[in-house]
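Read the structure below first, then the notes.
Nothing in this text is a laboratory measurement; each read-out follows from the coordinates by a stated rule. Because the structure is predicted, anything quoted here is derived from the model rather than measured. Cβ placement follows ideal geometry from the backbone for every residue including glycine, while neighbour counts extend to all protein chains displayed.
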Amino acid sequence: MKREWFALGIVALLVIVFPASLFGYQAWRTNSSDARVIDVIASSPENGGWSPDEIRVNVGEHVRLRIAAPDVVHGFEIPALDVRVDEILPGHVQEVEFVATRAGRFPFACTRWCSVNHWRMRGVIWVSDPAQPALPAPTFAPPLYQQLRIDIDAMHPAQNIPPRKPSAARGAQLNLRVDADFRTQSPDAVFAKLRADAAYDAYDDQQLWDAIAFAYFQNVGAENIANGARRYARDCAACHGERGDGQGPAGKDLPGLTTMHPDMPRGPANFTDASAMLGASDALLQGKILRGGMGTGMPEWGSLYTDADLWSVVAFLRTFTFDDPPAP
Amino acid sequence: MNSPRFELTRIPLFKRVVTSRWVPWLFMALTLPIFLLAILTGLFGTPAGSRNFGIIFVWIVWWALVILVMVPFAGRLWCAICPIPAPGEWLQRRALIQPRAGGKLFTLGWKWSPRLNNIWLQNISFLAVALFSAVILTTPFVSALVLLAFAALALGVSLLFERRVFCRYLCPVGGFIGLYAQLAPVEVRVKDAALCRTHTDKTCYRGSDDGYGCPWMVFPAALDKNTYCGLCSECLKTCPLDNMGVFLRVPGKDLQTTKGRRLDEAYKAFIMLTCALAYSIVLLGPWAALKETAYAVGAPAWFVYAIIFLAANLAIVPGIFLACAWLTRKISLHKFSLRRTFTEYAYVLAPLGLAAWAAFSLSFVLINFSYAWQVLSDPFGWGWDLFGTANWTWTPYFAGLQSFLQIPILLAGLIAAIGMALRTAHTQGVPSRAALPIVAFCAAFTMVLLWLYV
Ligand SMILES: [Cu+2]
């Protein structure tokens, strides 16, 4: 009988203590760190997206996110808090720690094209200050397109089209000063003003366009264009195409395409279309990127991008219509 | 009948191990927590199959162990180790080690229906698992539910029925292990049949103070096939004359005679053969859409897949074989009924099927085995690193060797099948050429697999 009890004891040990110790170990791992551990699951939107997609933490709290990706490779970024994980491999768990220093609502997003719906994969972190429970009212000026009352959903064809693709390199050789506010004025408007000005009569149309391209790039600077290029490759190319032609694979079947204005060309905007691009001011483009298409499939980026990011990606978009951007 | 054999139980140490009452318990006590872990990781761990202990250890490590090692070399050895019947068996006996002196088992003790004294239910249960295998084998949660269902069923059945009815008649794995165990080079058999005739107590079937009557409901004294012997070693303990032994023998000896060949077992051979082919086509073939369909359980296309899959298993492949059997019967001048010709020759598919499964398994076991190290350190996919192996990178093992192993295995299976086909013709007393249609069937099957693998 003693043998029986011994055998039974061993089995009980293996069947009860062994699993219990596994879960105990996990609990200990969670509790023993001084950080608050939050488990987050990153799945492609069609598999449920972020879970949870709303995370609540306190100002000053030491937070450790334990992010698992069950399906495919994802990335993670809370731009406003400067938290990012570049790669979460399927089945792996990536941990990232941070301390939020200010209260607010901070969107986070996946940074990898995990599926055609990747751009929907977003969530929000609410950071509250226990000392000051009410969230501070957001204090930002209305975006430029609103101040200028630009209808960013209207068609904006250019009146003047350059004979050839404008080149900043050729423009540089002209020694022609162009003073213009590109944020509020479209390149087309700038051209029209120059053309009407007798002081520029010595230059032909192409030369004026080349000068505008040069002036534009001088104005935004090589740094911004490079930053914009990185963002474009990461966030936009899958829809708008590597070459800006609107032919990206993720832009093929956007559900919102049907809600677009009947005059608008279907699909993601084609940034190599000279008429549309030259007819748009930076404010218009920035406005569209910031606000998104509201149902057309064009995501909003205002909650993820800083102001500087938005302007730099606009600057990069111009390289699809203006040749020879400055190298950083 | 008198082929050479070597009695392993003559080795004192071996004999001590197989007659120890502790050893079966020890095996199960070791596999039970692993089984439990597989269920827990499936239920609570990461849904990413390749990082989940349950998926990797059950469908890669365990599978490789069973089909590549245990079945070909030790027959039903797995059944002696398997944790699934353990709770039920211990409960029936109300003991883990001790025999129950003349005692009654804790069970309603229902007798299994004689009409189900065959493996049709196992054929069905295997097909059911096989049909959903794309999902079961890759989705940890589903996989855990299936394992849990097996365990619950085994426990429930053991409370209602006598002995190991689950293992013998229901377990989807047991069916094919039994079929292929006939090929194994190991057997538990009577040492001297004459001695048994003098012993009227039949303790090997009824049990004694030293052990339990055969849990597999086999009469050990008359054992002549491995198919239903679970290698549990009870008869070695209950035979008062020490007349049971474990033997090394000529592989495949059970298949040398055509005695007692049955349609249910024949169908097991078809199902196994067809599944090996179907998996090779779906999973290894160049048709990605087919693979997706197999995964899309419930979608309209999946139902088409399911119907074709079941038809192939139950009608198409057996149908083609039936045509071959019909030809064979013509050539052998109608000596036997078509049914008998069909059934007896179907056993020829046992070596062919085992070879096909071994070759198929090699193709994914070698490639995926390295996941085992990762899930060992991080069974739940929770970011653990128990043994420092959690981040070992995935590396296919012996990638170049794979087809070098597959080709000889498939050819060996074919040769064995041809040998058996000729032998069957021989035992039936018909000219060897009668086996030709069957040989052609086997050769064609092997060609398709070779084409898929190489
Ligand atoms: Cu993503």
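At a glance:
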| read-out | value |
| --- | --- |
| Inter-site label distance for B:Leu43 and A:Ser275 at 7 Å from Cα along Cβ, in nm | 6.5 nm |
| Cβ-Cβ FRET estimate between B:Asn117 and B:Asp201, R0 fixed at 25 Å, reported to 0.05 | 0.55 |
| Contour excess over end-to-end distance, with Cα ends at B:Phe303 and B:Ser20 and 0.36 nm allotted per residue | 96.8 nm |
| Percent of beta bridges antiparallel (DSSP, chain A, rounded to nearest 5) | 60 percent |
| Pairwise centroid distance, computed over Cα atoms, of the stretch B:1-56 with the stretch B:221-289, Å | 18 Å |
| Per-residue mean of C-beta atoms belonging to partner chains within 10 Å, peptide A:3-15 | 5 |
| Inter-centroid distance (Cα atoms) of the stretch A:282-328 relative to the stretch A:161-186, Å | 19 Å |
| Estimated inter-spin distance, A:Asp39 and A:His62, nm [label 7 Å along Cα→Cβ] | 2.2 nm |
| Per-pair calculated FRET efficiency, R0 = 35 Å: A:Ala169 and A:Arg149 via Cβ, rounded to 0.05 | 0.45 |
| Relative contact order of the stretch A:144-320, pairs being alpha-carbon contacts under 8 Å that are 6 or more residues apart, as % | 30 percent |
| Relative packing of peptides A:142-155, A:279-292, B:244-257 - highest average C-beta neighbours within 10 Å first | A:279-292, B:244-257, A:142-155 |
| Pairs of lysines in chain B (C-alpha under 25 Å apart; 8 or more residues apart or interchain) | 29 |
| Label point distance in nm, B:Leu145-A:Thr30, each placed 7 Å from Cα along Cα→Cβ | 2.4 nm |
| Efficiency of FRET between B:Trp287 and B:Ala128 - r from beta-carbon atoms, R0 22 angstrom, step 0.05 | 0.35 |
| Span-like helix ranges in chain B, DSSP H, alpha carbon extent 20 angstrom or more, Kyte mean at least 0.5 | B:22-44, B:140-160, B:263-279, B:317-331, B:349-368, B:402-428, B:436-453 |
| Extended-chain gain in nm, criterion 0.36 nm per residue less alpha-carbon gap, B:Ala443 and B:Asn391 | 14.3 nm |
| Peptide A:87-95, shielding by other chains (average Cβ, 10 Å cutoff) | 5 |
| Calculated [θ] (222 nm, deg cm²/dmol) that DSSP helices of n ≥ 4 give over chain A, each run adding -39,500 (n - 2.57) | -9000 deg cm²/dmol |
| Within straight-line cross-link reach of A:Lys288, aspartates and glutamates at Cα separation under 12 Å, skipping those fewer than 8 residues along the same chain | A:Asp151, A:Asp153, A:Glu300 |
